[in-house]
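The values are calculated or read from the model by the stated rules, or taken from the named source; none is laboratory data. Not measured: the values here are computed from a predicted model. Cβ atoms come from the backbone with ideal geometry, glycine included; neighbour counts cover every protein chain shown. For accessibility, only protein heavy atoms count, side chains too; no ligands or nucleic acids. Shrake-Rupley method; radii C 1.70, N 1.55, O 1.52, S 1.80 Å.
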Amino acid sequence: MNNHGEENDSHLSEVPSEPLEWNFSQVFGERAAGEDVQEVDIISAIEFDKTGEHLATGDRGGRVVLFERTDTKDHGYRRDLERMDYSMSRQPEFRYKTEFQSHEPEFDYLKSLEIEEKINKIRWCQTANSALFLLSTNDKTIKFWKVQEKKVKKICDMNVDPSKSVGNSCVAGTSNLTSQKQYLANGGCSERSYDHLNKEFPFPREGIPSLRLPTVASHETGLVASCRRIYAHAHDYHINSISTNSDGETFISADDLRINLWNLDISNQSFNIVDVKPTNMEDLTEVITSAEFHPTHCNTLAYSSSKGSIRLIDLRQSALCDTHTKLFEVQEAAGSKSFFTEIIASVSDIKFGRDGRHILSRDYMTLKLWDINMDSGPVATFQVHEHLRPKLCDLYENDSIFDKFECCLSGDGMRIATGSYSNLFRIFGCTTGSTEATTLEASKNPMRRQVQTPSRPSRSLGSLTRGARRDSGSADANGNTFDFTTKLLHLAWHPTENSIACAAANSLYMYNA
């Protein structure tokens, strides 16, 4: 998409992209029919690392689970495969790597407030020395984790004749020696245990001529997760976002009223860079809903609000960035406001495109794609929940209208995706003239409830910059009603391939095209 006809090196090309054919790839934690889902097992965060070789999920029980890709490792590195002109498998495969308990439930005695262990966000940090680093946060506390392989050390070479031991039996013999001896108060051992050992190990009659000191040997390796730093006591309200900076040294954390800037190496100090708290809380009209750093410019970040606006700020302007450099918002037509207008306009998630040129935002009804060089309005609007507009009263009554759906962009910037109800998720093409609008279900048969989208004529650049609208349909092909109790809130797009990971309750589904 060009900005007023100017040259643009963006990945959003003039040629419409062909709709992709999506296939089921893998599922982790699939539940059997009729099986109840435990609240603590429901996935609450998903994130690929920058290479796409690792995937992390967090759940409401405070656990972080890591997965690693195996189809590239089995055949060597990609660079080697390209040299050999090796045809990469179209179906990426991941396997379980490890998991650890990131957060525990806490209680704030000063405020008489229970802090749940649920993982709100996970963000990967730069790797070093083959170790993985990531940030995880619940409502109040951010933790910096290091995951690396460590060799498991075992004690061996005890006073047992090696010729009479096979394999690792010396280690087993050691445990028998220590566990089956009945030690007495004076440090000796009972005769019964000695006789028992005699049956297992034939000690020579003349005794053992010399004692050998046991040695510590390293055997197989195991993954160990260690918490390196804890960033706490900096937020009075619930943390809704964390985002790592491209400089590899800093990150931001955002709650309803403030955004703080941290250094990864310093856990006891942060700088407040955005503060929207009014002097009188009765004057509060909007809150911060999401925040993210620019992918390449370490001085630029964006944050969204409950009024549907997105603000771009420059950290070089001042220490406290109360003024924004650009404001992106849609002006509501006069007389069109209702009780639900501000609720459905609230932005639940924003993501920068990989090129840093575009910002994708998700509110309750739509996805909007913004060009950071054009603040007059979104370059495209994609209808996600327009079919629910007549049911806003019911959605308000059951609190579904406050659900916070995430969004994501493909690595090439040609497609976007977001979740919906009935475990459905939508994928749209966002190149000029594209009519791609696919609805898939998070199941082993993603096309089972495919919504047929009628073809639309290609649009010119001018119509696209004016804010073209696309509807994804209001019902599935089988005429089934939407189930508001099953919602797909969290999903992530692989950074370099057309592969999507999404969470349906406690199950992690992966699809590729």
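So here's what we get for this one:
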item	result
Highest average packing first - 42-54, 226-238, 337-349, Cβ atoms within 10 Å	42-54, 337-349, 226-238
From phi via Karplus (6.51, -1.76, 1.60), per-residue ³J(HN,Hα) for the stretch 108-122 in Hz, x at Gly/Pro	8, 6, 5, 9, 6, 10, 7, 9, 6, 7, 3, 7, 7, 8, 10
Relative contact order, percent, the stretch 98-144 [alpha-carbon distance under 8 Å, six or more residues apart]	30
Zone residues, the stretch 233-252, relative to residue 128, backbone N less than 17 Å from point 7 Å out along Cα-to-Cβ	244-251
Residue 215 versus residue 151: modelled label distance in nm, points set 7 Å from Cα along the beta carbon direction	1.2
Amide H contacts under 5 Å for residue 363, placed H, 5+ residues apart	348, 368
Förster radius 22 Å - calculated FRET efficiency between residue 316 and residue 249 (Cβ-Cβ, nearest 0.05)	0.85
Accessible surface of residue 141 - all protein chains present, 1.4 Å probe, nearest 10 Å²	10
Filter on 121/307; 121/146; 307/487; 50/146 - keep pairs with C-alpha separation over 18 Å	121/307; 307/487
The stretch 385-399 - phi-based ³J(HN,Hα) in whole Hz, Karplus 6.51/-1.76/1.60, Gly and Pro as x	10, 4, 5, 8, 4, x, 10, 4, 4, 5, 5, 6, 5, 9, 6
Extension gain, residue 228 back to residue 376 (0.36 nm per residue minus Cα-Cα distance, nm)	48.9 nm
With all protein chains modelled, accessible area of residue 394 [1.4 Å, Å²]	100
By average C-beta atoms within 10 angstrom, highest first, the peptides 125-138, 290-303	290-303, 125-138
15 Å reach of a label modelled at residue 338, 7 Å along Cα-to-Cβ, counting backbone N of the stretch 357-391	364-366, 385-391
Burial ranking of peptide ranges 217-224, 245-252 (average Cβ count within 10 Å, highest at the top)	245-252, 217-224
